[in-house]
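Enquirer: This is the structure I have questions about; it appears just below.
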Amino acid sequence: MLTVGLTGGIGAGKSEVSRLLVECGAVLIDADRIAREVVEPGTPGLAAVVDAFGEDVLAADGRLDRPRLGSIVFADAEKLAVLNSIVHPLVGARSRELEEAAAEDAVVVHDVPLLTENGLAPLYDLVIVVDASPATQLERLVGRRGMSEDDARARMAAQATREQRRAVADIVIDNDVPLDELAQRVKDVWSELVRRSRASRPERPQLPEQPE
């Protein structure tokens, strides 16, 4: 098994790269998706979040009101740290379960938005960073996601810098390109991942031929 940490700044196109890697044959473990699962209604995770931040972070249907919670934690580093201390261990435990369930020869890609910020690079055999210029990130966040420019800039500023992400990368995928070109770059990276996966597997000993 080859474990890969995949990360990138908001708006860099990491989700598209993870989708393309799955098309190539990767097993994807999506930290964002798991982070939503561990705070579903009835989970210990949601109970802990409500205990820390109050029932105001719940929507009328009992689910977590993410925009409301986001407005609280992104404006206060200490509160964000509290939220992370609740959610991150739960996400880590579930991620390990999913990894252990994968085939022995799988290429397992962990999609982890805050890999750099949380110092998680050593957990993986290699790290892929999806990189785009700040101007491209801003254009995508405002034009495609409908964020205000101020909100987009605040979200970008709350993450690691471009240089910090690139510093932990074994492979960088430049995504200041059209989708068809990105798809080809991901295919090239997949070929490298398969090569490394095969190289890391111990060769099975050959059984001696039996005399007839």
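The values are calculated or read from the model by the stated rules, or taken from the named source; none is laboratory data. Computed from a prediction, not measured in an experiment: that's the story for all the values here. So basically every Cβ, Gly included, is an ideal-geometry build from the backbone, and we count neighbours across all protein chains shown. Accessible surface is based on the protein model in full, side chains and every heavy atom, while ligands, DNA and RNA are left aside. Shrake-Rupley method; radii C 1.70, N 1.55, O 1.52, S 1.80 Å.
Enquirer: Which condition from (1) surrounded by fewer than 19 Cβ atoms within 10 Å (Cβ to Cβ); (2) modelled with pLDDT of 95 or more is the one that PHE74 breaks?
Expert: Every condition holds for PHE74 apart from (2).
Enquirer: Spot the failing condition for ALA135; the list is (1) more than 17 Å from the chain's Cα centre (by Cα); (2) closer than 26 Å to MET1 by Cβ, and only one is missed.
Expert: Status for ALA135: all satisfied but (2).
Enquirer: So ALA35 ticks every box in (1) modelled with pLDDT of 95 or more; (2) surrounded by 14 or more Cβ atoms within 10 Å (Cβ to Cβ) but one. Which box is left unticked?
Expert: Among (1) modelled with pLDDT of 95 or more; (2) surrounded by 14 or more Cβ atoms within 10 Å (Cβ to Cβ), ALA35 violates only (1).
Enquirer: Please give the number of the condition VAL50 fails out of (1) assigned to a loop (DSSP other than H, G, I, E, B); (2) open to solvent by less than 50 Å² (accessible area, probe 1.4 Å); (3) of a type in the set (A, V, I, L, M, F, W, C).
Expert: The one condition VAL50 does not meet is (1).
Enquirer: Somewhere in the stretch 148-161, is a residue closer than 30 Å to MET1 by Cα and either at pLDDT below 90 or part of a helix (DSSP H, G or I) (or both)?
Expert: No, the stretch 148-161 contains no residue that is closer than 30 Å to MET1 by Cα and either at pLDDT below 90 or part of a helix (DSSP H, G or I) (or both).
Enquirer: Another question, then. Would you mind finding the one in LEU83, LEU6 that is in contact with a strand residue (DSSP E or B) (Cβ under 9 Å, 6 or more places away or on another chain), among the aliphatic types (A, V, I, L, M) and closer than 27 Å to ALA154 by Cα?
Expert: On the way: LEU83 fails: in contact with a strand residue (DSSP E or B) (Cβ under 9 Å, 6 or more places away or on another chain).
Sole residue among the options that is in contact with a strand residue (DSSP E or B) (Cβ under 9 Å, 6 or more places away or on another chain), among the aliphatic types (A, V, I, L, M) and closer than 27 Å to ALA154 by Cα: LEU6.
Enquirer: Would you please list the contacts, defined by Cβ atoms under 8 Å and residues six or more apart or on different chains, that run from a residue in the stretch 177-192 that is free of Cβ contacts under 8 Å to residues at least 60 places away in the same chain and farther than 16 Å from ASP131 by Cβ to a residue that is part of a loop (DSSP other than H, G, I, E, B) and open to solvent by less than 90 Å² (accessible area, probe 1.4 Å)?
Expert: Close Cβ pairs (under 8 Å, with a partner that is part of a loop (DSSP other than H, G, I, E, B) and open to solvent by less than 90 Å² (accessible area, probe 1.4 Å)) do not exist here.
Enquirer: Do you know which of the residues in the stretch 193-203 that are touching a residue at least 40 places away in the same chain (Cβ under 8 Å) and not in a loop (DSSP other than H, G, I, E, B) is surrounded by the most Cβ atoms within 10 Å (Cβ to Cβ)? Steps first, answer last, please.
Expert: Here is the first cut: in the stretch 193-203, the residues touching a residue at least 40 places away in the same chain (Cβ under 8 Å) are 193-194, 196-197, 200-201.
Narrowing further to those that are not in a loop (DSSP other than H, G, I, E, B): 193-194, 196-197, 200.
Details: LEU193: 21, VAL194: 16, ARG196: 16, SER197: 18, SER200: 10.
Filtering first and then ranking leaves LEU193.
Enquirer: Does ALA158 qualify as being open to solvent by 30 Å² or more (accessible area, probe 1.4 Å), in contact with a Leu (Cβ under 9 Å, 6 or more places away or on another chain) and small (Gly, Ala, Ser)?
Expert: Values: open to solvent by 30 Å² or more (accessible area, probe 1.4 Å): yes; in contact with a Leu (Cβ under 9 Å, 6 or more places away or on another chain): yes; small (Gly, Ala, Ser): yes.
It is true that ALA158 is open to solvent by 30 Å² or more (accessible area, probe 1.4 Å), in contact with a Leu (Cβ under 9 Å, 6 or more places away or on another chain) and small (Gly, Ala, Ser).
Enquirer: Restricting attention to the stretch 113-124, which residues are open to solvent by 20 Å² or more (accessible area, probe 1.4 Å) and in a loop (DSSP other than H, G, I, E, B)? Give the steps one after another, and end with the answer.
Expert: Within the stretch 113-124, the first condition is being open to solvent by 20 Å² or more (accessible area, probe 1.4 Å), and the residues that meet it are 113-114, 116-124.
PRO113, LEU114, THR116, GLU117, ASN118, GLY119, LEU120, TYR124 - these are the residues of the stretch 113-124 that are open to solvent by 20 Å² or more (accessible area, probe 1.4 Å) and in a loop (DSSP other than H, G, I, E, B).
Enquirer: For the stretch 164-183: of the residues being open to solvent by 70 Å² or more (accessible area, probe 1.4 Å) and within 18 Å of the chain's Cα centre (by Cα), which is nearest to ALA75 (Cα to Cα)?
Expert: Of all residues in the stretch 164-183, those open to solvent by 70 Å² or more (accessible area, probe 1.4 Å) come to 164, 166-167, 170, 178-181.
From what is left, the residues that are within 18 Å of the chain's Cα centre (by Cα) are 164, 166-167, 170.
Numbers: GLN164: 22, ARG166: 26, ALA167: 27, ASP170: 32 Å.
Step by step, filter the stretch 164-183, then rank; the result is GLN164.
Listed here are the residues, each with its yes/no results for (1) in contact with a Lys or Arg (Cβ under 8 Å, 6 or more places away or on another chain); (2) in a helix (DSSP H, G or I); (3) closer than 25 Å to ALA160 by Cβ.
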| position | (1), (2), (3) |
| --- | --- |
| VAL4 | no, no, yes |
| THR7 | yes, no, yes |
| ARG19 | no, yes, yes |
| ASP32 | no, yes, yes |
| ALA35 | no, yes, yes |
| ALA60 | no, no, no |
| PRO67 | no, yes, yes |
| ILE72 | yes, yes, yes |
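Enquirer: Is it the case, given these coordinates, that VAL82 is open to solvent by less than 30 Å² (accessible area, probe 1.4 Å) and either touching a residue at least 12 places away in the same chain (Cβ under 8 Å) or in contact with a helix residue (DSSP H, G or I) (Cβ under 8 Å, 6 or more places away or on another chain) (or both)? Break it down into steps so the answer makes sense when it comes.
Expert: Values: open to solvent by less than 30 Å² (accessible area, probe 1.4 Å): no; either touching a residue at least 12 places away in the same chain (Cβ under 8 Å) or in contact with a helix residue (DSSP H, G or I) (Cβ under 8 Å, 6 or more places away or on another chain) (or both): yes.
Here the answer is no, as VAL82 does not meet what is asked.
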